[in-house]
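I have placed the structure first, in the form of structure tokens, so that the comments after it can refer back to it.
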Amino acid sequence: MTIILFGPPGCGKGTQSELIAEKYKLKHISTGDILRAEMEMGTELGLSAKKYVNEGKLVPDDVIIGMLMKAIKSIDANLNGVLLDGFPRTTAQAEALEEKLTSSNKQTNVLIDLRVNDKELISRMILRGKATGRVDDNPETIKKRLQVYAEQTYPVKSFYQKLNKYVSIDGLGKIDDIFGKICIEIEKAI
Ligand code: AMP
């Protein structure tokens, strides 16, 4: 099973991903979390990613695709597949993922887009920045990340629409209600 949770920064992908991964026994792969861990450990990958992440830009596709391929290689036998959170973020990443899945006779089951308006996204990320100290959750970088999303990530939507794998859900409301709607879509797709 391959499920993609999609949507702009601050839409609730991380929170919902935890719930989905637990319920459907999936490996939760967050490229943002992997990058932050690498940055924290000061690895070569972390050091090369740092300037992009801190400026709200996308880390180059070749770096991210290599990192993702490594992460999807090792899945525990008791799990049913992967839940991708924050990947793909460009059409090139989507193409690389689907090519890889096709080579093992698989395909993404569904991409679920969590829709949240910019005003709400900005206030959620400002709050998260204050609570966690996440360096890219500051007004200037948030603005950049939303711009990058609109220009580079939004086109991923039409890529999955063409594959008939795209659904969108209103990301405003109670966490449990949104999770319920996500589960309905996952069950239709598996
Ligand atoms: P996130 O935690 O998903 O909001 O990601 C935080 C930052 O990590 C992003 O603003 C990017 O700089 C970088 N990043 C995460 N995932 C990707 C990706 N799939 N492609 C490129 N950059 C990424």
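The values are calculated or read from the model by the stated rules, or taken from the named source; none is laboratory data. Note that the structure is a prediction, hence the values are computed from the model and not measured. For neighbour counting, all protein chains shown are included, and Cβ atoms are generated from backbone atoms with ideal geometry for every residue, glycine included. Surface areas here come from the heavy atoms of the whole protein model, side chains and all, with no ligands, DNA or RNA. Shrake-Rupley method; radii C 1.70, N 1.55, O 1.52, S 1.80 Å.
The set of residues in the stretch 135-158 being crowded, with 19+ Cβ neighbours inside 10 Å and of a type in the set (Phe, Trp, Tyr) consists of Tyr149 alone.
On inspection, Leu68 does not qualify as touching a Phe, Trp or Tyr at 6+ places or on another chain (Cβ under 6 Å), open to solvent by 20 Å² or more (accessible area, probe 1.4 Å) and either under 21 Å from Leu146 (Cα atoms) or part of a helix (DSSP H, G or I) (or both).
Set side by side, the residues Lys57, Lys27 differ, and just one is among the charged types (D, E, K, R), closer than 26 Å to Asn164 by Cα and not in a helix (DSSP H, G or I), which is Lys27. The set of residues in the stretch 1-24 being assigned to a helix (DSSP H, G or I), more than 11 Å from the ligand (Cβ to nearest atom) and not small (Gly, Ala, Ser) consists of Thr15, Gln16, Glu18, Leu19, Ile20, Glu22, Lys23, Tyr24. At least 3 residues being touching a Lys or Arg at 6+ places or on another chain (Cβ under 7 Å) and modelled with pLDDT of 95 or more is the threshold, and among the helices (runs of 4 or more DSSP H) wholly inside the stretch 75-154 not one reaches it.
Counting only residues that are surrounded by 13 or more Cβ atoms within 10 Å (Cβ to Cβ) and either part of a loop (DSSP other than H, G, I, E, B) or touching a residue at least 60 places away in the same chain (Cβ under 8 Å) (or both), the stretch 37-53 holds 1 of them.
Among the residues of the stretch 83-100, just one is more than 11 Å from the ligand (Cβ to nearest atom) and open to solvent by less than 10 Å² (accessible area, probe 1.4 Å), namely Leu83. The lone criterion from (1) more than 8 Å from the ligand (Cβ to nearest atom); (2) open to solvent by 10 Å² or more (accessible area, probe 1.4 Å); (3) of a type outside the set (Phe, Trp, Tyr) left unmet by Asp61 is number (1). Residue check: is Ala71 at pLDDT 95 or above, within 12 Å of the ligand (Cβ to nearest atom), under 16 Å from the mean Cα position of the chain (by Cα) and farther than 23 Å from Tyr154 by Cα? Considered against the rule, which asks whether it is at pLDDT 95 or above, within 12 Å of the ligand (Cβ to nearest atom), under 16 Å from the mean Cα position of the chain (by Cα) and farther than 23 Å from Tyr154 by Cα, Ala71 comes out as yes.
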